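Working notes, structure below.
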Amino acid sequence: MNERLYDLARSQHGLVSRKGAFASGLTQNDWHCVVASKAWTKIYAGVYRLTGMPRTFEQTVMAGCLAANGVATGRTAAILWKLPEIPQHLELAIGSARRSSLPDFEIHRLKQLPSSDRTLRQRIPCTALPRTVLDVCLVMPQRAPGLVDHVLARRNVPLTLLIARLDAMGVKGRKGAGELMELLQVRQGRERHVDSGLQRKLEEIAMAAYRAGLLPKPAFECPIRVGAREWRFADTAHPPIPVAFEAVGYLHHETIEDFCNDRERNLELFGEGWVIVPVTKGALANPARLVSLMGRILMNHGWEGPAVARVD
């Protein structure tokens, strides 16, 4: 009995459940021995921890999943996926018909959670990465642009999949879903996605200025042909005006290779008649001044000015 039980505990972050023990072949008498033994410590009804096992965040989440027959979701799943800048918060998704209440856990009762939205992370049941990103974006809208750009640029999650999953979840009546869908749709058509806070800030300023009629319509990660077949990409441009604005920061150029690659790209763009204007963190801190300077630079290269900034 002990070996089977210990094997089960090792696969579940030091935990066993009554249901899991019976499924692995233990009898009712065997389980009574677990309950009575000092080798096991009760966490929740029907869930025990092997005494002496280190307590971890993952163990806490697994205990909740076992006790409620639930799935880690929201910020809890985001931490399991190691998404950046997520505050520690315990959330579980369970079936809407179930009645479960666990101390320290926020419980979400769902009518359904499709199999495509479920997976295992560190052997813990949790929501799949696309669903996790959408859930977190809805409860933390201030983090939505950064999270979306992060998974698009670094986690190989297709934008079309995020849009499809949000559409399947339902936009109408869901707080923040409309804004999130708009955020996703704005990123459609880009060939590349970059996980850069400075670049996002530059994009936000350029779009706000365009909506206010202060700048022409911007294009982000704008493709520029170099030679017969190759392409280079500018952070923010305003075609057909051959001027591009590039958000630059120390972290983005933390290696000599990164720095040299960007300088080489700029040389190629200069050769095609483009002007590349670096925009620093300090410049982004004063949007009004930056927009004024961007407008003057664009006017010096053929833009007719704010009076015709927006024609659509």
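Just so you know, all these numbers are worked out from the coordinates, no wet-lab data involved. Bear in mind that the values here come from a model prediction, so they are computed numbers and not experimental data. A quick note on method: Cβ atoms are made from the backbone with ideal geometry, for glycine too, and the neighbour counts reach across all protein chains shown.
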Notebook entry, point to check: So for the stretch 197-308, taking the charge dipole from beta-carbon charges (+1 Lys/Arg, -1 Asp/Glu), which of LEU293, PHE220, ALA234 sits furthest toward the positive end?
Noted result: LEU293
Next item on the list: With unit charges on the beta carbon (Lys/Arg positive, Asp/Glu negative), name the residue among LEU138, VAL277, LEU110 whose Cα is farthest towards the positive pole of the charge dipole of the chain.
Entry: LEU110
Notebook entry, point to check: To the nearest 20 debye, what charge dipole does the chain have about its Cα centre, counting +1 at the Cβ of each Lys and Arg and -1 at the Cβ of each Asp and Glu?
Noted result: 1380
Next item on the list: Take TYR210, TYR48 and order them by how many other Cβ atoms sit within 10 Å, fewest up front.
Entry: TYR210, TYR48
Next item on the list: May I ask you to sort ILE241, ILE224 by Cβ crowding, counting other Cβ atoms within 10 Å and putting the fewest first?
Entry: ILE241, ILE224
Notebook entry, point to check: For a paramagnetic label modelled at 7 Å from the Cα of TYR6 toward its Cβ, which residues of the stretch 27-65 fall within the zone defined by backbone nitrogen distances under 14 Å?
Noted result: 39-40, 50-53
Margin query: Please compute the contact order of the chain in relative form: average sequence separation of alpha-carbon pairs under 8 Å and at least six residues apart, divided by the residue count, as a percent.
Written below: 10
Checklist line | Relative packing of 60-67, 25-32, which averages over residues the other C-beta atoms within 10 Å, highest first | finding: 60-67, 25-32
Notebook entry, point to check: Among rounded, prolate and oblate, which fits the chain when a ≥ b ≥ c are the square roots of the eigenvalues of its C-alpha gyration tensor, a/c under 1.5 means rounded, and a/b larger than b/c means prolate?
Noted result: prolate
Checklist line | Potential lengthening between GLU106 and ALA45 on full extension [0.36 nm per residue; Cα-Cα distance subtracted] | finding: 20.2 nm
Check: When the helix-only estimate is applied to the chain (DSSP H runs of n ≥ 4, each -39,500 (n - 2.57), divided by the residue count), what is the mean residue ellipticity at 222 nm, nearest 500 deg cm²/dmol?
Finding: -12500 deg cm²/dmol
Next item on the list: Kindly put TYR6, TYR44 in sequence by how many other C-beta atoms sit within 10 Å of each C-beta, fewest to most.
Entry: TYR6, TYR44
Next item on the list: Figure the gain on full extension for ARG123 and GLU182 (residue separation times 0.36 nm, minus the Cα-Cα span) and round it to one decimal in nm.
Entry: 17.8 nm
Notebook entry, point to check: If each of THR280 and CYS33 carries a label point 7 Å out from its Cα toward its Cβ, how far apart are those two points in nm?
Noted result: 7.1
Next item on the list: Count the lysine pairs in the chain whose Cα atoms sit under 17 Å apart, keeping only pairs 8 or more residues apart in sequence or on different chains.
Entry: 4
